[in-house]
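The values are calculated or read from the model by the stated rules, or taken from the named source; none is laboratory data. Everything quoted here is computed from the prediction, not taken from an experiment. Here Cβ is always computed from backbone atoms with ideal geometry, including for glycine, and neighbour counts include all displayed protein chains. What goes into the accessible areas is simple: the full protein's heavy atoms, side chains included, and nothing from ligands, DNA or RNA. Shrake-Rupley method; radii C 1.70, N 1.55, O 1.52, S 1.80 Å.
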Amino acid sequence: MTTHPPITRRGAALAGGTVALLAGGLLAADGLFILLGFCGVILIGASWVTGKLSLCKMAVDIHLPKDVRSGIPFDLELTLHNHRSFFDAFNTEVRLSLAAKTSLTAAAPWTPAGSASRILQQATIPHRGHADTHRVRLSTTFPLGLFVSKHHLEIRKEITVTPRPITPRELVSNGALHDTLPRNGITSGRTFGEPRGIRPWQAGDSARSIHWPTSARAMARGHGLRIREYDPPGFHPDQCHIVFHSYATGREMLREDRFERALSLLAGSLLELQSLGIPCTLTADFLDWQNVCCVSRLQVVECLRALARSQRARGTEAHELESILRSVPPAHTLVVISDMTPDSWQHLLEKRPQVLSIDIRQVRYRHKTLQAAI
């Protein structure tokens, strides 16, 4: 679809001068002014027609990842094709509309006829979403900058923007999950628990476990190093069950931005549990309380893709949440995530005290302030 090109300031000035010349020439019966006015009309008409022709038979192709994360930059390749046999394209601007109301602008100074211009950029989509059709607007001020010619296209390319993962601090500070964090450099069962005693050094023992005073006395008697031995404080759970809900009492205020943050906490929890090798099951109200298995990497990716398209559940009832909580086996480690503060729904967990509750208030919201110089 081609729209009528608007006129620029330069074009408006030239059009005003042309009208003045024609009017003055007709009133004063001056042939020179009339000739100059007709030359201006021809120049404006030729510029308008050339601008429209410069966007004919132009096509755009894009290459981008199928799955990206919100707020994380990714590489985007945009190719502008000129399918004309002659007549090059100059000063072409490409405006691409991506998912989540994100737009990207690129410029191609010169695209020869029968060739293409390739533009490589880094793009960032700040919000989650999904799109399979993207609108493209081509515009140019060629040849004289009198008009802005525009041409609109549509490109079919699927892209899914998953929520940006935020690892809840409860997963790294509470429960048996703290013993299995690989970032600590300690394997499962090798953290410091109750001291058991001193034993001789064996191959594979860590240097930090050497008891140096005892080792010095032992080496003075001709023996080897001595190692502290501790009982492991615990291992990771065999199964985790995450329950996501939007239930709250009537006095709680609804905030859409908190739902987005809660989805980021949910995505971070799923990726953290998957990296630890802990099988997980997700039950959420926006998924109609259907159990989603998140054991393998592929299943976690599919779950994140589902989060990209999810909408906040409206009217979650207390009895629905209570029924889901009762259905979780006692042997499973229960993790509850909500976009509401725990004060409004934690009373439903009284019958199950061993629950890891994720507090949405751990994410701080900072508002920009205006400062004026006195």
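In this view, the solvent-accessible surface of Met58, computed with a 1.4 Å probe and all protein chains in place, comes to about 10 Å².
Of the residues Trp289, Trp345, Trp212, ranked by 1.4 Å probe accessible area with the largest first, the sequence reads Trp212, Trp289, Trp345.
Once all protein chains are placed together, Asp67 keeps about 70 Å² accessible to a 1.4 angstrom probe. Residue-wise HN-Hα couplings along segment 208-217, as the Karplus relation 6.51 cos²θ - 1.76 cosθ + 1.60 with θ = phi - 60° gives them from phi, are 6, 8, 6, 8, 5, x, 5, 5, 5, 5 Hz; Gly and Pro carry x.
At a probe radius of 1.4 angstrom, the accessible area of the chain per residue rounds to 57 square angstrom. Taking all protein chains together, Leu321, Leu35 sort by accessible area into Leu35, Leu321, largest first [probe 1.4 Å]. Within segment 142-165, what residues put their amide N at less than 19 Å from the label point 7 Å along the Cα-to-Cβ vector of Phe86? Answer for segment 142-165: 143.
Summarising the label geometry, the points placed 7 Å from Cα in the beta-carbon direction at Thr249 and Glu317 lie 2.1 nm from one another. Expressed as a whole percent, the accessible surface of the chain that belongs to carbon and sulfur atoms is 56, based on a 1.4 Å probe.
In the chain, Cα pairs under 8 Å separated by at least six residues give a relative contact order of 14 percent. Pairs of lysine in the chain with Cα under 26 Å and at least 8 positions apart or on different chains: total? Close lysine pairs found across the chain: 8. Computed on protein heavy atoms with a 1.4 Å probe, the accessible areas place Lys150, Lys66, Lys57, Lys52 in the order Lys57, Lys66, Lys52, Lys150, largest first.
On full extension, the segment bounded by Asp288 and Leu32 gains 84.2 nm, given 0.36 nm per residue less the C-alpha separation.
Using equal-weight Cα scatterers in the Debye expression, the normalised intensity of the chain in log10 at q = 0.09, 0.15 Å⁻¹ is -0.77, -1.20.
Can you give the FRET efficiency to the nearest 0.05 for Ala100 and His347, using r as the Cβ-Cβ distance and R₀ = 35 Å? Efficiency, from the Cβ-Cβ distance: 0.45. Per-residue extension of 0.36 nm, minus the Cα-Cα distance of Lys57 and Ala23, leaves a gain of 8.3 nm for this segment.
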